[in-house]
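The structure under discussion appears below in the form of structure tokens.
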Amino acid sequence: MADFDRETFCASAEQGSTEIAVCAAFDYADGVQSSLDGTNAGLDVFYLLFAAAMVFFMQAGFAMLCAGSVRQKNVKNIMLKNILDACGGALGFWSVGYAFAYGGSDPDKKGFIGNSGFFLGDFTSGGSLIGWFFQFAFAATAATIVAGTVAERCKFEAYLCYSLMLTGFVYPVVVYSIWSSSGFLTAFNNDPAFGCGMHDFAGSGVVHMTGGITALIAAKILGPRIGRFYDADGNELPEPHDFPPHSVALQVLGTFILWVGWYGFNPGSTLAIASEASGDVAALCAVTTTIAAASGSVSAMFTDMMMYRRKTGETAYDITMCMNGALSGLVGITAGCSVVAPWAAFVIGIVAGWCYIFWSNLLVKLKIDDAVDAIPVHFGNGIWGCIAVGLFAEPSRVANAFGDHGHYGVFYAGGSSFNNTGDAKLLLAQICGVLWVIGWVTAIMTPYFHLLNILGLFRVDSLEEEVGLDISHHKGAAYDISGPSDAVIEKFEISRSQRKLEVPADDAEPAAAAEETA
């Protein structure tokens, strides 16, 4: 049967005929579909706006966590750095970062870096503009990871320099390679690497590893805080000195804010919500995110408790392990939140807690000072999160999130659960992605930090560090804890001692009569 030509059919219809009614029905259906498409597009924009706002609110979580973790004399400094992360990230990603990350993407081609869309010059639609806003929130997160690691001894100027460098160039190249449709490791190209590309749904590698390896390089070159591993004369201490956090309450508040923000980070990475398929993926992300965070927290805290009991014979529960274990689970599940089953999220979280403890102890042995343990959380578990996808990615969930390319986690290789006889191409792609992020960031940021150090722009003066960066760089301490002067207190005490109890007149007469009777 010949194809129906609607235009010819309606053009030849006579007034008042059945054909006219049919054509009117066609027009009405077109109007309804157009309205529905517009509603769906608006719904997707609102969903990304909401998710991006939650991701951006994570900046407050980082600020609270960092402020609580440092000593009281450096609170202003770390809070200001967190605020300027958002400012520098916005300006860097607006001017060149987004163009480098996504400009000129073409699924039929492959490249190294984007080359169009600078300053958002040709961005006019709601979809394109909200896409920038969502990605900016991720870029700011990558930069903020570094803030806590180098806290209490990094110069303000250096922080601004590497924050702009990271969000404007280093991070965008990683994004282009893995998330852009033209990247050489992306899963969204028509000819993906290894037939599947790297699967990093929300950024265990792209965001957290990038920020974590940058923090590691910075901490190594910057050196430890005074008194952490060496005394004033440069002699090695028998045991590393721990600087207790000045506010555990702020640490816990920051942890909870970050956990909540992760529900924008992971489910929001569907980039849409109007279809049933995207809703299914977003719901799975919320579930796996929750389970991994909870199991990571429990894993880290109880493992540390058992290690401490074995060492000392006493039982103690470390709230720092509980908090950082939860964050480790969140980082570990970020890459695979859309492709793993809930039971796998539980396993990923358990291992994430162990990874955190391993990396935290390793840094101490290497005498690398991380003021907030951001490197174990973000770098160590960023690696684990990427590798976990190559182990636990389930066929049906991979098909929903990335399309059915036939390559899954090794526990599902060949199409049946726990059958290891199939290929491991997805795992190989994940390993290559991990090595690429480490290699690229190291190659750029190592000489960059060395240059800042040679120019004297990296570390503050030792006396400024001892007195605290709030007083030496920010016009005074964060908290006004001064009380009244000794002179005022002495004056008050004298005044109080001179006061006399005045007996009311009505009570004075009975009292006098009682004295006479006695």
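Just the residues that are within 13 Å of Asn324 (Cα to Cα) and open to solvent by less than 10 Å² (accessible area, probe 1.4 Å), please, taken from region 338-356.
Listed by number, the residues that qualify are Gly349, Ala352, Gly353, Tyr356.
Within region 372-408, can you find the residues that are among the small types (Gly, Ala, Ser) and either in contact with a Cys (Cβ under 8 Å, 6 or more places away or on another chain) or under 21 Å from Thr186 (Cβ atoms) (or both)?
Residues of region 372-408 among the small types (Gly, Ala, Ser): 374, 380, 382, 385, 388, 390, 393, 396, 399, 401, 403, 406.
Once the filter is applied, which keeps residues that are among the small types (Gly, Ala, Ser) and either in contact with a Cys (Cβ under 8 Å, 6 or more places away or on another chain) or under 21 Å from Thr186 (Cβ atoms) (or both), region 372-408 yields Gly380, Gly382, Gly385, Ala388, Gly390, Ala393, Ala399, Ala401, Gly403, Gly406.
When Lys425 is evaluated against the numbered criteria (1) at pLDDT 95 or above; (2) in contact with a Cys (Cβ under 7 Å, 6 or more places away or on another chain); (3) open to solvent by 60 Å² or more (accessible area, probe 1.4 Å), which criterion, by number, is the only one it fails?
(1)
Quick one: would you say Phe243 is of a type in the set (A, V, I, L, M, F, W, C), more than 29 Å from Tyr171 (Cβ to Cβ) and touching a Pro at 6+ places or on another chain (Cβ under 6 Å)? Walk me through how you get there before you give the answer.
Working: of a type in the set (A, V, I, L, M, F, W, C): yes; more than 29 Å from Tyr171 (Cβ to Cβ): yes; touching a Pro at 6+ places or on another chain (Cβ under 6 Å): no.
It is false that Phe243 is of a type in the set (A, V, I, L, M, F, W, C), more than 29 Å from Tyr171 (Cβ to Cβ) and touching a Pro at 6+ places or on another chain (Cβ under 6 Å).
Check region 372-382 and report whether any residue there is in contact with a Ser or Thr (Cβ under 7 Å, 6 or more places away or on another chain), assigned to a loop (DSSP other than H, G, I, E, B) and not basic (Lys, Arg). Outline the logic, then answer.
Narrowing region 372-382 to residues in contact with a Ser or Thr (Cβ under 7 Å, 6 or more places away or on another chain): 372-377, 381-382.
Now drop any that are not assigned to a loop (DSSP other than H, G, I, E, B), which leaves 372-373.
Narrowing further to those that are not basic (Lys, Arg): 372-373.
Yes, region 372-382 contains a residue that is in contact with a Ser or Thr (Cβ under 7 Å, 6 or more places away or on another chain), assigned to a loop (DSSP other than H, G, I, E, B) and not basic (Lys, Arg).
Would it be correct to say that Ala286 is touching a Pro at 6+ places or on another chain (Cβ under 6 Å) and surrounded by fewer than 23 Cβ atoms within 10 Å (Cβ to Cβ)?
yes
Part of a helix (DSSP H, G or I), farther than 27 Å from Gly409 by Cα and among the polar types (S, T, N, Q): which single residue out of Thr290, Thr320, Thr315 fits that description?
On the way: Thr290 fails: farther than 27 Å from Gly409 by Cα; Thr315 fails: part of a helix (DSSP H, G or I).
From the options Thr290, Thr320, Thr315, the qualifying one is Thr320.
So if I check each of Phe100, Phe112, which one is open to solvent by 10 Å² or more (accessible area, probe 1.4 Å) and in contact with a Gly (Cβ under 7 Å, 6 or more places away or on another chain)?
On the way: Phe112 fails: in contact with a Gly (Cβ under 7 Å, 6 or more places away or on another chain).
Of the residues listed, the single one that is open to solvent by 10 Å² or more (accessible area, probe 1.4 Å) and in contact with a Gly (Cβ under 7 Å, 6 or more places away or on another chain) is Phe100.
Every residue, every condition in (1) of a type outside the set (S, T, N, Q); (2) at pLDDT below 95; (3) open to solvent by 20 Å² or more (accessible area, probe 1.4 Å), yes or no:
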{"position": "Ile375", "(1), (2), (3)": "yes, no, no"}
{"position": "Phe379", "(1), (2), (3)": "yes, no, no"}
{"position": "Ser396", "(1), (2), (3)": "no, yes, yes"}
{"position": "Ser417", "(1), (2), (3)": "no, yes, yes"}
{"position": "Pro447", "(1), (2), (3)": "yes, no, yes"}
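Residue pairs, Cβ under 6 Å, 6 or more apart or interchain, first in region 252-272 and closer than 8 Å to Met58 by Cα, second part of a helix (DSSP H, G or I) and open to solvent by 30 Å² or more (accessible area, probe 1.4 Å). List them.
Note: pairs meeting the criteria are Ile257/Ala60; Gly261/Met54; Gly261/Phe57.
If you go through region 177-212, how many residues are part of a helix (DSSP H, G or I) and open to solvent by less than 10 Å² (accessible area, probe 1.4 Å)?
Restricting attention to region 177-212, the residues satisfying the condition of being part of a helix (DSSP H, G or I) are 177-178, 193-195, 204-212.
When the remaining residues are screened for being open to solvent by less than 10 Å² (accessible area, probe 1.4 Å), the result is 177-178, 204-212.
Total satisfying the criteria: 11.
Buried (at least 16 other Cβ atoms within 10 Å of the Cβ) and small (Gly, Ala, Ser), is that true of Ala335?
yes
Name the residue, out of Val460, Val467, Val389, that is open to solvent by 30 Å² or more (accessible area, probe 1.4 Å), out of contact with any Asp or Glu (no Cβ under 7 Å at 6 or more places or on another chain) and either closer than 30 Å to Met165 by Cβ or touching a residue at least 40 places away in the same chain (Cβ under 8 Å) (or both).
Values: Val460 fails: open to solvent by 30 Å² or more (accessible area, probe 1.4 Å); Val389 fails: open to solvent by 30 Å² or more (accessible area, probe 1.4 Å).
Checking each option against the conditions leaves just Val467.
The values are calculated or read from the model by the stated rules, or taken from the named source; none is laboratory data. Keep in mind that what you see is a predicted model, and the values were worked out from it rather than measured. Neighbour counts are summed over all protein chains in view; Cβ atoms, including those assigned to glycine, are modelled from backbone coordinates with ideal geometry. Surface accessibility is based on the protein's heavy atoms, side chains included, excluding ligands, DNA and RNA. Shrake-Rupley method; radii C 1.70, N 1.55, O 1.52, S 1.80 Å.
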